[in-house]
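Beneath this line is the structure, given in structure tokens, with notes to follow.
Each reported figure results from applying straightforward, stated rules to the coordinates on display, with no laboratory input. Bear in mind the structure is a predicted one, so any value in this text is a computation, not a measurement. A quick note on method: Cβ atoms are made from the backbone with ideal geometry, for glycine too, and the neighbour counts reach across all protein chains shown.
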Amino acid sequence: MSAVPEPSVARVDRRKARTRRALVEAARRILASRGTTDVSIQDITDEADVGLGSFYNHFSSKAELFEEAAGEALEEYGQRLDKSSAGMDDPAEIFALGVRLTAGLARTQPAVAQILVQAGEVFLVSDRGLAPRARRDIQRGIDTGRFAVASADVALVATAGAVLTYVQVALASPDRFDDTSVDALAELLLRMLGVPARSARAVVQRPLPAPSGTPGWT
């Protein structure tokens, strides 16, 4: 009797990749729909439609999985922000665009907003997602003289704290803010960075493009 051929390495690798992908996508859906990581591994594997035992073939803990899922979602959003600001020359406008669109996620993309609230603080020290882009934009404003602050890192902490808090409150109490609130937040942060009042007001009154590819962020 001939031996049963073993699966090819490539086929096994593809199967592993599909399982890992299913777990990450399940974690993203859980973050977006439930707004919590307080779920069991069984919940995650059921959502992913994979076997319970397969989880630890890919991740050592729930925290590792949720960190990857959130990081992936925020990096995708960051790339869309980059596309939205392509062609802009004014560092203040680029910075304000990021603040206005990101703070507005609670209204426009609440699923992404939930992921941001759940994982935003972790990614303040990450090399991907929103924090490195915000720091880049702040540093560009400092280098060009548009912003009058000494430290991009301190400005980043203040910006991130304000935006994360805004999104969290907006998700919990949508009626507290209206469509102009994100502009007011961006204006305040521009003023914090040293942009004159009249200029800051003019910047946030510029038309606001939507990030390309907004459907399917989660």
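Numerical summary
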read-out	value
Angle in degrees between helix 9-34 and the longest Cα principal axis of the chain, rounded to the nearest 10	50
0 to 90° range, to nearest 10: angle between helix 110-119 axis and the chain longest Cα axis	90
Using θ = phi - 60° and Karplus 6.51 cos²θ - 1.76 cosθ + 1.60, couplings along the stretch 172-179 (whole Hz; Gly, Pro as x)	6, 9, x, 6, 6, 10, 10, 5
Ranked Tyr77, Tyr166, criterion: other C-beta atoms within 10 Å, fewest first	Tyr166, Tyr77
Rounded to 10°, Cα long-axis angle of helix 181-192 versus longest principal axis of the chain	70
Whole-Hz ³J(HN,Hα) from phi, Karplus 6.51 cos²θ - 1.76 cosθ + 1.60, for the stretch 152-166, glycine and proline x	5, 5, 5, 5, 4, 4, 5, 5, 4, x, 5, 5, 4, 5, 4
CD proxy at 222 nm, helix term only [per DSSP H run n ≥ 4: -39500 (n - 2.57); per residue of the chain; nearest 500]	-20500 deg cm²/dmol
Residue-wise HN-Hα coupling along the stretch 37-42, computed from phi with Karplus coefficients 6.51, -1.76, 1.60 (Hz; x: Gly, Pro)	9, 7, 10, 8, 4, 4
Least to most buried among Phe55, Phe147 (fewest other Cβ within 10 Å first)	Phe55, Phe147
Lys/Arg +1, Asp/Glu -1 at C-beta; the chain dipole; positive extreme among Ala119, Ala22, Phe147	Phe147
For the stretch 8-59: rounded, prolate or oblate by the Cα gyration tensor [a/c cutoff 1.5]	prolate
Convex hull per residue volume in Å³, alpha carbons only, for the stretch 134-199	79
Average silhouette area of the chain, convex hull of alpha-carbon atoms, in square nanometres	14.7
